[in-house]
């Protein structure tokens, strides 16, 4: 076994793993605080990628610079989703909230399909596109490297925000016990709304990075959403650090396992990993 | 036992209607609609056992559905084995898979079970996609065999399919109704509402969750077999897809989870909605039908978060007040 190939696989796994992490962090925030599985998460990713693409194609704004706009936009989408879809069903059976996000997912995906068509699009003339760094026989694609670093930084900022800020404390209190938090004077509805916005903003940032090296089409979110469900469960629900590490693990398994066993089985391996972990550590790798 | 009597009366009326309506309305498409409606009502009732009554939501029932349809179809194509035996094999294999899934995760609360069934379904889908014997991603086409009950093939019209599905629907509904009244039915609901309290009262939680899943898996597999034999073509991308898993959950949740009539009501709403929006608007290839479907699902959820059963209850309540 050539060491360079193995190293290359590890690095590729890490680079994509960091992006998975950020997507999963967005999901785990919503899931942990509200106990709602957001089925439209993948479609939020797709919306972010398409907005970046459209801004590039129509206004010539490079995806690197449009990123803050997209994060803001997705934050707003998250707030709006909470107001219109989630809030009316809070307090009923958890399945109904899930169903509502599922309906929303179908709706968003097909509206985009209707207006923009099913074609795969790619940004190939941006600042980062197509450039790569080579050293020691290893090749790193620049867009992937920048995305990975960006995703790690944002994940860290979110982590700090949740663990240090006053809002973060309110958020954690709400996640632990909603009623007690309410008694302590925390406006839980506001926390919910902001959490939804924050979760959507995380996935928006991931989408903004992803668009630098990944093609865009209306169903692009599906695979990422499925993987991020597994990552969240793997790391333990509502656990940001867990989601981060599990995302990296999934990236590694997907790349290394896919190379040795065959690319058609790369997702199978991820799911088998999950099933093994869940039978050994029933609450996920870092669950409590 | 007024309640019991009411059930039998309503149930008989529905069965008679379902049996007679296709004889009166000799429209093939209407018959198709009725078959799909009954099939998905049965399927959702099977899901309801574990997801509704026992409260363990599964997002991977496609795994049982797909196993059932492959178990009936593959021996039929390869060896000409009667699908009735295949159906049973599928049911038994589904029970075994249910055991494999259930043993590790039924110790846990919350979403771990949901994600596990979902992960198993994805694994099985990818295995079937890469399995030569069942023609991988292409899937299996039913062979052309002599028509009749033995091969479960009918070419002239759809009525025999309709009656077979109706029989299974009858069995499933009756079983659920009886189950509601047995000790096990109470255990299931106790597990759903207060697992700790149920355990304190001496209910073996993981064992009864396992029973619920096994029953659910068995009937889901049988529905899968019927689906394959009716559609005559199965492939991993349809019978093992997340779409099927979600559709089952969707129907039950729309109708009302853990309610006896929920699955039937849900499929009465969703199946025609899907079929007709596809027929009227689906031809454009631009997904207008799905835009409408998605919007309607969201609207129904927002307007009546308890499902259609909740809506009916609301009307009843208002009537009672006057």
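Each reported figure results from applying straightforward, stated rules to the coordinates on display, with no laboratory input. Model, not experiment: these values are computed from the prediction. Glycine also receives a Cβ, built like all others from the backbone with ideal geometry; neighbour counts cover every protein chain displayed.
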Q) So how do B:243, A:43, A:119, B:135 line up by other beta-carbon neighbours within 10 Å, fewest first? A) A:119, B:243, B:135, A:43
**Q.** Between 0 and 90°, nearest 10: helix A:41-54 axis offset from chain A longest Cα axis
**A.** 60
Q: Round to the nearest 10 and give me the degree value, 0 to 90, for the angle of helix A:94-116's Cα axis relative to the longest principal axis of chain A.
A: 50
**Q.** Calculated FRET efficiency for the pair residue A:114/residue A:260, C-beta based, R₀ 35 Å, to 0.05
**A.** 0.25
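Going by how many other beta carbons lie within 10 Å of each one, how would you line up B:73, A:46, fewest first? Write down the numbers at each step before the final one.
Details: B:73 29, A:46 26.
Fewest-to-most ranking of B:73, A:46: A:46, B:73.
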**Q.** Separation in nanometres of the label points that stand 7 Å from Cα toward Cβ, at residue A:84 and residue B:280
**A.** 2.3
**Q.** Residues in region A:123-151 reached by a label modelled at residue A:2 [backbone nitrogen below 20 Å; 7 Å Cα→Cβ]
**A.** A:132-142
Q: Pop the C-beta distance of residue B:243 and residue B:21 into the FRET formula with R0 = 22 Å and round what comes out to the nearest 0.05.
A: 0.20
Q. Going by the alpha-carbon gyration tensor, a ≥ b ≥ c the square roots of its eigenvalues, is the protein assembly as shown rounded (a/c under 1.5) or, if a/c is not under 1.5, prolate (a/b greater than b/c) versus oblate?
A. prolate
Q.
Quick check on region A:95-140: take the gyration tensor over C-alpha atoms, sort the square-rooted eigenvalues as a ≥ b ≥ c, and tell me if it's rounded (a/c under 1.5), prolate or oblate.
A. oblate
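With runs of 4+ DSSP H residues as the only contributors, calculate the mean residue ellipticity of chain A at 222 nm using -39,500 (n - 2.57) per run, divided by the residue total and rounded to the nearest 500. Walk me through the intermediate numbers first.
Values: 12 runs with 199 residues, N = 288.
Value at 222 nm, helices only: -23000 deg cm²/dmol.
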Q | In nm, spacing of pseudo-spin labels at residue A:222 and residue B:303 (7 Å Cα→C-beta vector) | A | 2.9
**Q.** Helix A:240-252 axis, angle to chain A major axis (alpha carbon atoms, nearest 10°)
**A.** 30
Q) Going by the alpha-carbon gyration tensor, a ≥ b ≥ c the square roots of its eigenvalues, is region B:1-47 rounded (a/c under 1.5) or, if a/c is not under 1.5, prolate (a/b greater than b/c) versus oblate? A) oblate
